[in-house]
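Take a look at the structure set out below.
The values are calculated or read from the model by the stated rules, or taken from the named source; none is laboratory data. The shown structure was predicted, so the numbers you read here are calculated from the model rather than taken from an experiment. Ideal geometry is used to build each Cβ from the backbone, glycine not excepted, and the neighbour counts take in all protein chains shown. What goes into the accessible areas is simple: the full protein's heavy atoms, side chains included, and nothing from ligands, DNA or RNA. Shrake-Rupley method; radii C 1.70, N 1.55, O 1.52, S 1.80 Å.
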Amino acid sequence: MEMYTTQKIYRYSLIAIFLLVITSLNAQYSPEFLKYNKLYPEASRVRLYQETIITIEANKEGLEINQKFIEEDLYLNESATYNSKTRLNFSAFFELDKISAESLTYNGEKYESTAVEKYTEKDELNDSFYDDSKSLNFVYPNLQKGSKSKLEYSQNIKNPRFLSPFYFGDYFPVLKNKVTIIADKGVNLEFRKFNISDDKIQFSQDKKRGKIIYSWELNNQEEYDFEANTPSFKTFLPHIVPIITSYKIKRKEIKLLGKVSNLYDWYYSLVENVNTEPASPELIALTNKITADKKTDLEKVKAIYYWTQQNIKYIAFEYALGGFIPRESNEVFRKKYGDCKDNSSILYRMLEIAGVKGNLTWIGTRKIPYTYEEVPTPVVDNHMILTYEDKNGRTYYLDATGRYIKFGIPTSFIQGKEALVSYGKDFKIKKVPVVDAKVNSIIDNTLIKIKNGSVIGKSTTAIDGYPKIDLFHDLENENTKIKLQELYNAKLNKGNNKFLIGNFKEINKYDYDKDFIVDYDFEIKNYSKKLGNEIYINLNLNKDLSYFKTDKKREYAIEYDYKRYHKYTTILEIPEGYKVDYVPENVSVSNEFVESNITYKKEENKVIYTHEIILNFLILSVEEQKEVNKLIKKIERNYKEIVVLIKE
């Protein structure tokens, strides 16, 4: 009885100590933290409060626009330290006005505040349509699990065409999100909604003291999961793009935006006086030299386009409206560098010297999902190119910011996008074609022999289209034979990780028009298996289709840079004294997104294997991914099939 009582007391003591430890640990965190850590166990942080207040006032000079942002975050795990580094972007169009930032640490009873004191300004180089973007960088002090951060800042919008979209979701939970626009009565606004469910967002509109107050509020928005290769977040995050269509000053109405024609009129006002000075004698002489032996306009355009890609270095650095106005072609030619507008400017002028008409063209990359009708504001595009229309009505999209872009195909990141093409005071909206899969080809022909269980082979791989462009960019960084060998081992891999390239030869390297060809020999050690009188070998040396099978748990669409076409032909020389005992059956599968087939053919002392793949998509929805996955699984079953050789 005494022993039992002692054990019982000991057990209760342990429980008491455990509860004391738990209570002590919980005392480190606020009740607020404990609540949301339980509600959102997978989240790294939760946004407790987010508010945007935009005021639009008319004065004698035009519109005065200020937007204020308030954010309060609670950090739920140790990633708080990583999130302590923060930056705000601003530019001449979005002038940073005031900023206040602080971190709050719980001391067991209350939160203690520590203000951010050091802010560091940096230049930011990003999109082609660069507008002197800068960032203000700072670190929240002592940010840790259970801490909070508070940020308040305001911006003056210097051009009323640049009202930014506001979003009602993020990659973390948002408990309260409120947006308010307070505009003078004479300011007319439109709101273009995307991915919005009206039954979730509370909207109100009131009039008060000569102001119109628009308000949106969304509470308890779940987090959006991040997934690799997802199309732009603009395609799924709920958001609204506000547009000022017109405003009144002294009873005079000034039209601003709302129609594509309004946007184009403003764009054209920025470029109509560019290249008014005569072309320099040096630029004229160069253009005449480049086009001297060219008989047609198309040949002239191609020659000038390639020269520009090769000789005008792409550098984005602009200030204010300079981010929208091309430099004079003479200046671009003299400096030999420029941004997308500058490349378009010199292309335009050189075509003009050659007696050919080009058209300045605005366009948005695939990161921007809107059409011009949906969002007729500068938010719709971020890039400028030049277009040329031949006598048969075909339009060529000339983007000289890249290198190795074959004449006749656009850059991959504008495929399928609308282009706003300038014809003086008039314009047209054209759609950039998506490049056919067979243009982006990898065609591989391989001859293999079996020697002591290893595969000894020779291959010729011809690459064209966007895969060739990608590979050329990779090759620029490989300046020794060893580095090249390592690169080709990775890019041209066959069979398994024992694949090793020996000698190789490059043909048409950096050529814009011809296929890039790599001839090489290789070895795959211990690839075939010999059991008794039989040899087993898998001729599926390239299993590329498997790379496009997506995770069945994926929640969002997936995006690829371009469509693809792969064709692999492998000829196996049958070892002396052996004959073919078994070859797998041919297989062919297809749907609207993928076509693939594998065929085997016996011919004298050879087995000829062919694998053809057509990947006919840029974006796949979740349902489309399921259809593609089903098809890929059928091919993958055949990837395991082997050829059996038997001793005669």
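With the gyration tensor restricted to C-alpha atoms of the range 119-237, the semi-axes of the equivalent ellipsoid amount to 27, 22, 19 Å, longest first. When the Cα positions of 371, 304, 55 are compared along the charge dipole of the chain, 371 comes out farthest toward the positive end, with charges on each C-beta of Lys, Arg, Asp and Glu.
With R₀ fixed at 25 Å, the C-beta to C-beta distance from residue 352 to residue 266 puts the FRET efficiency at about 0.55. Note on residue 490 and residue 374: their simple-model spin labels are 3.5 nm apart, each label 7 Å out from Cα toward Cβ. In the range 552-604, one over the average inverse separation of all distinct C-alpha pairs is 15.3 Å, which is the Kirkwood hydrodynamic radius. On a per residue basis, the chain carries 51 Å² of accessible surface, using protein heavy atoms and a 1.4 Å probe.
At a Förster distance of 45 Å, what's the computed FRET efficiency of residue 276 paired with residue 250, Cβ-Cβ distance as r, to 0.05?
E(calc), rounded to 0.05, equals 0.85.
Hydrodynamic radius of the range 379-418 by the Kirkwood approach over all distinct alpha-carbon pairs: 11.2 Å. Computed 3J(HN,Hα) for the range 227-234, one whole-Hz value per residue from the Karplus formula 6.51 cos²θ - 1.76 cosθ + 1.60 where θ = phi - 60°, is 9, 5, 6, 7, x, 3, 4, 5, glycine and proline marked x. The Rg/Rh ratio of the range 603-648, with both radii computed over alpha carbons and Rh defined as the Kirkwood radius, is 1.19.
Annotation: amide H of residue 249 within the under-5 Å range of 254, sequence separation 5 or more or interchain, hydrogens built in the peptide plane.
FRET efficiency for the residue 473 to residue 209 pair, using the beta carbon distance and R₀ = 56 Å, is estimated at 0.45. Remark: the residue 551-residue 646 segment gains 30.2 nm on full extension, using 0.36 nm per residue and subtracting the alpha carbon distance. Hey, which lysines would be in cross-link range of residue 148, C-alpha to C-alpha under 17 Å, not counting anything within fewer than 8 residues on its own chain? Filter leaves 35, 38, 85, 110, 176.
Taken along its principal axes, the alpha carbon cloud of the range 449-589 reaches lengths of 49, 43, 24 Å, longest axis first. Per q in 0.11, 0.20, 0.25 1/Å, what log10 I(q)/I(0) does a Debye calculation on the alpha-carbon atoms of the range 349-424 return? For the requested q values the scattering log ratios are -0.29, -0.92, -1.27.
Expressed as a whole percent, the accessible area of the range 75-196 that falls on carbon and sulfur atoms is 42 (1.4 Å probe).
Temperature 20 °C, viscosity 1.002 mPa s: under these conditions the Stokes-Einstein estimate for the range 165-222, based on its Kirkwood radius over C-alpha pairs, is 169 µm² per second.
One quarter of the surface of the convex hull around the alpha-carbon atoms of the range 248-403 equals 11.1 nm², the direction-averaged projected area.
Spread over its residues, the convex hull of the C-alpha atoms of the range 326-392 is 107 Å³ per residue. Computed from Cα atoms alone, the Kirkwood hydrodynamic radius reported for the chain is 29.8 Å. Taking the range 336-366 and a reference point 7 angstrom along Cα→Cβ of residue 288, the backbone N atoms nearer than 17 Å belong to 350-356. The distance between label points at residue 222 and residue 367 comes to 2.9 nm (points 7 Å beyond Cα on the Cα→Cβ vector). Peptides 83-95, 169-181 ranked from most to least packed give 169-181, 83-95, packing being the mean of other C-beta atoms within 10 angstrom over each peptide's residues.
Computed over the range 41-121, the range of Cα coordinates on each principal axis works out to 54, 26, 25 Å, biggest value leading.
Each label point was placed 7 Å from the Cα along the Cα-to-Cβ direction; for residue 514 and residue 49 their separation is 6.9 nm. The fraction of Cα-Cα pairs per 5 angstrom bin, counted from 0 for the range 153-310, comes to 1, 6, 11, 12, 12, 10, 9, 8, 8, 7, 6, 5, 3, 1, 0 percent, rounded to whole percents. Couplings for the range 144-154, taken from phi via the Karplus curve 6.51 cos²θ - 1.76 cosθ + 1.60 with θ = phi - 60°, read 8, 3, x, 7, 10, 10, 10, 9, 10, 8, 9 Hz in order; Gly and Pro are left as x.
Long hydrophobic helices in the chain: the complete DSSP H runs spanning 18 Å or more by Cα along their own axis with mean Kyte-Doolittle hydropathy of at least -0.5 are 2-27, 340-353. Computed over the range 451-525, the Cα gyration tensor eigenvalues convert (square root of 5λ each) into semi-axes of 23, 13, 10 Å, ordered from largest to smallest.
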